[in-house]
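Let me begin by presenting the structure, written as structure tokens, before commenting on it.
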Amino acid sequence: MPGVHVDKFGEMAIIECVGRFVRPETALKLRDAVTSQTDTHVVVLDLTEMRAIGSGGLGVLVLLQRWAQDHGIRFKLFNPSKPVQDKLKHISCEIATLEQMMTLLSRVDSGYARALIESQFPLHRLSQYS
């Protein structure tokens, strides 16, 4: 079942998108989650678990980029899956690199940042460098 989950870290919101965003009601759920973040300076859509996006979802992303710009909010996408990446080629959007995400997250102490670091550098790999 598609869904969105919002994590707030100070003036940054990370919105995790899970599932297939191909139905209009799912795109509207995403729109509402983002446009409710009026007290943030940065909104990041974590697309790691988004498996598909339809034309309505792409239209909502374009609308959200414009909304964010109008409200002085930085809007970034992060870690889209291959099928979603293929669809994103049809619109102009900013996809944050891992380095950019780490820089943003270094400003806040969060479980999300720790999970991101651990997924990129599992403990068993880190021990070989000790």
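The values are calculated or read from the model by the stated rules, or taken from the named source; none is laboratory data. Predicted, not measured: the structure shown is a model, and the values here were computed from it. FYI the Cβ positions are ideal-geometry reconstructions off the backbone, even for glycines, and counts take in every protein chain you see.
Is it the case that the range 25-34 has a residue that's out of contact with any Gly (no Cβ under 9 Å at 6 or more places or on another chain) and without any contact (Cβ under 8 Å) to a residue 12 or more places away in the chain? Yes, the range 25-34 contains at least one residue that is out of contact with any Gly (no Cβ under 9 Å at 6 or more places or on another chain) and without any contact (Cβ under 8 Å) to a residue 12 or more places away in the chain.
What about His41, is it under 11 Å from the mean Cα position of the chain (by Cα), of a type outside the set (A, V, I, L, M, F, W, C) and modelled with pLDDT under 95? Judged against the criteria, His41 is not a match. For the range 27-73, the candidate set comprises residues that are polar (S, T, N, Q) and surrounded by 14 or more Cβ atoms within 10 Å (Cβ to Cβ); within that set, the residue that is nearest to Ile91 (Cα to Cα) is Gln65.
Among residues of the range 41-62 that are touching a residue at least 24 places away in the same chain (Cβ under 8 Å) and farther than 16 Å from Val18 by Cβ, those with a Cβ under 6 angstrom from a residue that is surrounded by 19 or more Cβ atoms within 10 Å (Cβ to Cβ) and among the β-branched types (Val, Ile, Thr), sequence gap 6+ or separate chain, pair up as Val43/Val34; Val43/Ile73.
For Leu63, indicate whether it is at pLDDT 90 or above, part of a helix (DSSP H, G or I) and within 14 Å of the chain's Cα centre (by Cα). No; evaluated as a whole, the condition is false for this residue. Can you tell me which residues in the range 36-57 are touching a helix residue (DSSP H, G or I) at 6+ places or on another chain (Cβ under 6 Å) and in a helix (DSSP H, G or I)? Within the range 36-57, Gly56, Gly57 meet the criteria.
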